[in-house]
Every structure is written in structure tokens, then in C-alpha cells.
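A.B. asks: Got a structure here, written out as C-alpha cells. Questions coming.
The values are calculated or read from the model by the stated rules, or taken from the named source; none is laboratory data. What you see is a predicted model, and the numbers here were worked out from it, not measured in a lab. Glycine also receives a Cβ, built like all others from the backbone with ideal geometry; neighbour counts cover every protein chain displayed. Ligands, DNA and RNA are stripped out before the accessible areas are found, and what is left, the full protein with its side chains, is counted by its heavy atoms. Shrake-Rupley method; radii C 1.70, N 1.55, O 1.52, S 1.80 Å.
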Amino acid sequence: MCGIVGYIGTKNAKNILLNGLEKLEYRGYDSAGIALLGETLNITKVKGRIAALREKMEDEAFGTLGIGHTRWATHGVPSEENAHPHESASGRFTIVHNGVIENYQELKETYLQDVPFKSETDTEVIVQLMDKMSQTTQDTVTAFRQTIQLLQGSYAIGLLDNEDVDTLYVAKNKSPLLVGIGNGFNVIASDAMATLKETDQYVEIHDEEIVLLHKDSIVMMDVEGSVIEREPYTAELDMQDIEKGTYAHFMLKEIDEQPFVIRKIIQAYQNSDGQLEMSQDIRNTMQEADRIHIIASGTSYHAGLVGKQFIETLASIPVEVHIASEFAYHTPLLSENPLFIFISQSGETADARAVLTKVKKRGFNTITLTNVPGSTLSRESNHTLQLHAGPEIAVASTKAYTAQIAVLALLAVDTAREKGVQLDFDLLQELAIAASVIETLTEQKDKIEELAKTFLNTTRNAFFIGRGIDYYVCSEGALKLKEISYIQAEGFAGGELKHGTIALIEEDTPVIALATQKAVNHPIRSNVQEVVSRGAKALTISMEGMEQTGDALVLPAVHEILTPLISVVPLQLLAYYAALHRGCDVDKPRNLAKSVTVE
Ligand code: F6R
């Protein structure tokens, strides 16, 4: 959601910024813009894609200092006027901003009543305040500090002063932003991916810090102006991880990477004897909990539902799973020693962060499962469990979901063992089997593509049914399908359809059923019969040992608790091919953002 890139050096910033913004496209956006400062200031903006911005930027656009932005509309419609960069009324300052300024109305009324605004954004308030503050002080740094001190909410800011071509002004609070260190240049980026081509050396900016970037140096300070020293680190990202290679879409590449991710998780969570091992801190935290609350959104919430089943059945600790945006406003009654587990691929989701802030104030213990070490949720919770999925670029989450399930299974098994529960299986071995099974499924793309064409090419809606753990995977399958193909899709507990939703079944309505759980194989088959007798076209995916004539796909058997890792794969592929054949933009579905940093 929104992305920032900035450059100061000796080269023309234009292509560095355009390339950087392209790398941030995955976050989701609806407009984009770049400001270049050289002898003159050149601002170009478009509603739409970076390709259009590239086309629109004049050949002669030049500046050794520049800022670029992708915007996902919050305050004000997607339009060129509302796209960043924004200029102050005097034309002296130019800004790009991610985040939400919560007190922007109040600031406007208190300080800026006489200022003509050009956009509907909260961002413009910041740049207009810079104009105001610089009228009473000659020093831009002081004006910048004064402005930042007035802001409430979240921000990552890059600001240009066109009277000073040697400085890029930067500030951060709650929204992600990094400084990249180069030789004779420096950059800023929402994500190291955007500027990895330029440098692999980065410095974190913490909340409420300000940075002055010059081409040969950086100065970090707090909002009071006290200088801060921080060592750079090497970004452990591989260019290959963030390129599509021979794949048509990142989503397909990421589906195929799932076996590799599971193997990486096995390696990361085993000790030198090949035994499962978690840190002692995590073990203690799990043992102390009298109840666990899992907090997550979207796909991560669906992984949380599966995690609840794992922890309750294996470790016998009661677990509640909450939609993050609901929990923040409707906190349930809490036990004496609750533990909060946050699941977030990006580690930046504002809904989860709102809960984290709240529970931290009450002194409760927190663990974050995330794919992004150093992300906000990871930094702010007591402990982190890494997902090791590598960068996930397609908006639709695939490999992060399977990584979440694998890590939750490891956490549940480790906790059970620590409690003295004897388990008759070796989870690491079972995960290795599951990884190989996923590989065989990803080799069946042609078959799944045909099923997608037959069942989903023209339909307006589709239903996914399952029981027990299959129901949770169905919810995820339905989310995948709706977000990228725009088919209205819902996941239901098989037995629940007849309590209302079955009224929607018409001739040829696709119903995708999962039958991978022995205990409920018979009832889910009856549910399939119920919809078929009302005209539905059923596509049943079962597992070896439970198959019946007419099943569209029979998945190789894996350990019962790991079935979600396997059964989700054909659902991901069905969604992918449905979207592809319906001509949808698979990796960048409309209205969606990858990292949802607003509540
Ligand atoms: C769906 C999807 C979203 C995310 C949700 C939470 O494919 O990706 O539903 O799962 O926005 O994001 P994270 O996991 O980053 O907190």
C-alpha cells in the first residue's frame, strides 16, 4: 500500500526512481508520481500504472535529487491532483508521504486557514505546514522538525526544498521506510526491493526519527534534533527472489516455490541433531499462556483458524482466532495470562498493529509470525517466528499461507512436547513428505487449468464447501478466487449450506468440495449430493484413501494435520487459471494492496 523511493547523488534520478517504483508496484496503487530537482523542479504524475508515468516523463527530465511515489487512495479519489508529489503553495517544498495524518483537519484549521489547497489529501497539510514554519525560521531542518512534531498518525516522508539541491529530508513514524547507503549516493525506499539494484547496504529508521540525506553522508536525529548513530546492515535479498524469471506471473512462481519454502522452514527450525527446536523464550511464553488469542486478517486469519486446530488438539491450550480489525474495537473478556499471536505476512498490517499497541499497554505477552524480519509487528512484539517464505510479490498470498501453516504446526508440536505429550509422528519428516507432494501437484497444472476452464470461465459465483479443517481451507480458496478473478466466491462449512445459502444454488453453479478428512468424509459427500440434486456442478477434491468415483482430483495422502498444506494448492491454481482465462491482472488485482498500512 503506497510506496516511496528517493535518490540523491550524481546521476539522473529519473530511471532509478521509475525502476524502484516498478519494484513497489506489488504493494498495490492507483496513481503515481515523481519529482526531480536539478536546475529546475520537474513534477510528473499519472492516474494509473508506472508504465504510463514512464511514458509521460519527458526525455529531458533531469535531477540528481528526486522522490517517487505510488498512491493507494485513502483521503481523496485516485486522480492526478491527489497523486503525490505535492507542492507547497509557494512552490518551495515538494513532498511524498505514506500513511495517514489523523489530525490533518485540525492542523488545517489551526495553521492553514489562508492557504489554497490543490488536493483532497491529508498529505498536502504537511507540505503547506513546511511553508508556514519556514516563514518564521531561516533553517529548513528546524522547520522540518517543527512540522513533524505537529503530526499525529503514521507517516513515511520524503521532502525536497528547491532552495537546497544537496539535501533530501526524511521522516518516519509507523509507516515503513529505509535508508540505503551507496558510494557517492544515498537512497530511501519503503522496501529494500525497490533499490536493491543500487545497493545492498541499509539503515533502519525508527519511529519519530528524522534523516537528512546528502550524496556522501546521512544524518539521523530524533525530533528534538539529537543525533543518532546506527550501523548499516546487508539486505539478504536475492535479485532472483524479486524477479519473475521465466514465469508469466509472480503468483504462479510463488505457488511453485512452496515446496522449497517448506524445506527452508524445516532447516530453520531444526537443531544440529535434526530435531525440532524453538527458542527457549518462545517455549516459556507458550507454556505460561492459559489462553491464546490469534490476531490476523485475510489469508493470515485463515491460517490462524488452522493454527487454532493444531494448538488445541496437540497442545491442549484454548485458542481464539480474531479478525484484527474487529478485535481492536471489541476486546473480549481476557483470562489471567493470555498470549497474543499475531500472524502477518508483511508485518505491517495496521489492523493488527492497532491490537498489538493495545495489548502491549496491558503488559500481555506477544509473538509475531511474519515473513519480514525487522517489520513493525516483529519489532514491536516480544518474540518473532519467521516464515522464511522469501519475498511474496503477487498481491494474492500463496507461499506465505503455507509457510504460516507449517510454522504453526511446528509451534503446536513443540509446545505439546514441552508439555510432555507423546506424539507418534515426526513433524519434520511429515513436512518433508508434504513438500514433495506439493511438488507433484504443481506438476499437474494442465489438469487444473482444464478444471478452471470448465467450472469457472463464465460463472458469476462459486461456493467452496468442506468440514473441519477443510472448511478453513475452503475459506482461503474462496478468498483467492474472489480477489484475483472477481468471481463472487464464499467458503462454507458443508453442513451450513442448507441453513440458508443453498437457496443460491442454480443450474450449473460451481461448488468446489474438499474431502480430505476421514472423520467427515461421509457427511461432506452428502452435502455434495444435496447441491448436485439442485443443479450444482460439483468439483470434488479428495485425498487417497477417501476417494470416490467422479472426484475431479485425488491428492496424495499426507499426515492428517498437514492436509491444509496440500489441499490449498489446487485451490490456488484454480484461482490463478480462472483469473488468467478471464483476462484479469493476476498479480495486481483491482483495489487491493499487498501491505495494508491503514486501518
Ligand atoms: C489475500 C491477502 C490478504 C492478506 C491480508 C493480511 O491473498 O494477501 O488477505 O492476507 O491483507 O496481510 P498480512 O498477512 O500482511 O498481515
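A.B. asks: Would the stretch 168-263 count as rounded, prolate or oblate if I go by the C-alpha gyration tensor, calling it rounded below 1.5 in a/c and otherwise prolate when a/b exceeds b/c, oblate otherwise?
C.D. replies: Cα axes put the stretch 168-263 in the prolate bin.
A.B. asks: In this model, which of Lys197/Lys253; Lys308/Lys358; Lys56/Lys172; Lys308/Lys399; Lys14/Lys56 are farther than 18 Å apart at the alpha-carbon?
C.D. replies: Violating the 18 Å limit, Cα to Cα: Lys197/Lys253; Lys308/Lys358; Lys56/Lys172; Lys308/Lys399.
A.B. asks: Considering only protein heavy atoms and a 1.4 Å probe, what is the carbon-and-sulfur percentage of the accessible area of the chain?
C.D. replies: With neighbouring chains kept in place, the figure for the chain is 46 percent.
A.B. asks: Using the Cα centre of the chain as the reference point, and only Cβ charges (+1 on K/R, -1 on D/E), how large is the resulting charge dipole? Debye, rounded to the nearest 20.
C.D. replies: Dipole about the Cα centre, nearest 20: 1100 debye.
A.B. asks: For the chain, with every protein chain kept in place, what is the accessible area per residue (1.4 Å probe, Å²)?
C.D. replies: 39 Å²
A.B. asks: On a 0 to 90° scale, report how tilted helix 445-456 is relative to the longest principal axis of the chain, with both axes built from alpha carbons and the result rounded to the nearest 10.
C.D. replies: The two axes meet at around 90 degrees.
A.B. asks: From Cα pairs below 8 angstrom and at least 6 apart in sequence, can you work out the relative contact order of the stretch 1-152, rounded to a whole percent?
C.D. replies: 22 percent
A.B. asks: Would you compute, from DSSP H runs of 4+ residues alone, the mean residue ellipticity of the chain at 222 nm, taking -39500 (n - 2.57) per run and dividing by the full residue count, rounded to the nearest 500?
C.D. replies: One gets -10500 deg cm²/dmol as the mean residue ellipticity at 222 nm.
A.B. asks: Here's another thing I want to ask about it. Treating the beta-carbon of each Lys and Arg as +1 and of each Asp and Glu as -1, no other charges, what is the dipole magnitude of the stretch 520-599 about its Cα centre, to the nearest 20 debye?
C.D. replies: Computed charge dipole of the stretch 520-599: roughly 360 debye.
A.B. asks: Mind checking which aspartates and glutamates have their Cα closer than 14 Å to the Cα of Lys45? Skip sequence neighbours fewer than 8 apart in that chain.
C.D. replies: Filter leaves Asp30, Glu55, Glu58, Glu80, Glu81, Glu87.
A.B. asks: What does the C-alpha gyration tensor say about the overall shape of the stretch 85-179? Classify as rounded when a/c is under 1.5, otherwise prolate if a/b is larger than b/c, or oblate.
C.D. replies: rounded
A.B. asks: For the chain, take the longest principal axis of its alpha carbons; what is the angle in degrees between that and the long axis of helix 469-485, to the nearest 10 within 0 to 90?
C.D. replies: Helix 469-485 sits at roughly 50 degrees to that axis.
A.B. asks: Within 10 Å, count the other beta carbons around each residue, average over each peptide in 421-427, 11-17, 283-289, and list them highest first.
C.D. replies: With the highest mean Cβ count within 10 Å placed first, the list reads 11-17, 283-289, 421-427.
A.B. asks: Going toward the positive end of the dipole of the chain, with +1 on Lys and Arg Cβ and -1 on Asp and Glu Cβ, which of Ser542, Pro176, Ser375 do you reach last?
C.D. replies: About the Cα centre, the residue reaching furthest to the positive side is Ser542.
A.B. asks: Sorted by accessible area with a 1.4 angstrom probe, largest first, how do Ser190, Ser217 fall?
C.D. replies: So, going from the largest accessible area down, we get Ser217, Ser190.
A.B. asks: Here is a follow-up. Only loop residues by DSSP count here, and only those with at most 11 other Cβ atoms within 10 Å; note down the GluC sites (Glu not before Pro) in the stretch 160-231 that meet that.
C.D. replies: Passing sites in the stretch 160-231 are Glu163, Glu224, Glu229.
A.B. asks: Suppose a student asked you for the relative contact order of the stretch 207-327, using Cα pairs under 8 Å spaced at least 6 residues apart; what percent would you report?
C.D. replies: 13 percent
A.B. asks: Separate question: Order 579-588, 139-148, 118-127 from most to least packed using the mean count of other Cβ atoms within 10 Å.
C.D. replies: Per-residue mean Cβ counts within 10 Å order the peptides as 118-127, 139-148, 579-588.
A.B. asks: Another question, if that's okay. With a 1.4 Å probe and all protein chains kept in place, how do Glu430, Glu312 rank by accessible area, largest first?
C.D. replies: From most accessible down to least: Glu312, Glu430.
A.B. asks: For a quick check of understanding: with a 1.4 angstrom probe and all protein chains in place, what accessible area in square angstrom does Val520 have, to the nearest ten?
C.D. replies: For Val520, solvent-accessible area is about 40 Å².
A.B. asks: A further question follows. Within the stretch 293-330, list the chymotrypsin sites (Phe, Trp or Tyr not before Pro) lying in a DSSP loop whose Cβ has at most 14 other Cβ atoms in a 10 Å radius.
C.D. replies: Within the stretch 293-330, the qualifying chymotrypsin sites (Phe, Trp or Tyr not before Pro) (loop, at most 14 other Cβ atoms within 10 Å) are Tyr329.
A.B. asks: Take the residue pairs Lys11/Lys132; Lys11/Lys588; Lys480/Lys588; Lys47/Lys445 and return only those whose Cα atoms are more than 24 Å apart.
C.D. replies: Over 24 Å apart, Cα to Cα: Lys11/Lys132; Lys11/Lys588; Lys47/Lys445.
A.B. asks: Right, another one. For Ala143, what is the net charge nearby, where nearby means another residue's Cβ is under 12 Å from its Cβ and Lys, Arg count +1, Asp, Glu -1?
C.D. replies: Result for the local shell: -2.
A.B. asks: Taking 8 Å as the Cα distance limit and 6 or more residues as the minimum spacing, I'd like the relative contact order of the stretch 259-383 as a percentage.
C.D. replies: 24 percent
A.B. asks: Pull out a ≥ b ≥ c, the square roots of the eigenvalues of the alpha-carbon gyration tensor of the stretch 557-599, then state rounded if a/c is under 1.5, prolate if not and a/b is larger than b/c, and oblate in the remaining case.
C.D. replies: oblate
A.B. asks: Here's another thing I want to ask about it. Please compute, for the alpha-carbon atoms of the chain, the extent along each of the three principal axes and give them in descending order in Å.
C.D. replies: Principal extents (largest minus smallest coordinate, Cα): 78, 52, 44 Å.
A.B. asks: Place the peptides 544-557, 451-464, 33-46 in order of packing, highest mean first, counting for every residue the other Cβ atoms within 10 Å and averaging per peptide.
C.D. replies: 33-46, 451-464, 544-557
A.B. asks: Moving on. Can you give me the angle between helix 140-150 and the longest principal axis of the chain, using Cα atoms only, in degrees from 0 to 90, rounded to the nearest 10?
C.D. replies: Approximately 40 degrees, to the nearest ten.
A.B. asks: May I ask for the net charge around Lys518, where only other residues with Cβ less than 14 Å from the Cβ of Lys518 are counted and Lys, Arg are +1 while Asp, Glu are -1?
C.D. replies: Summing Lys and Arg as +1 and Asp and Glu as -1 gives -2.
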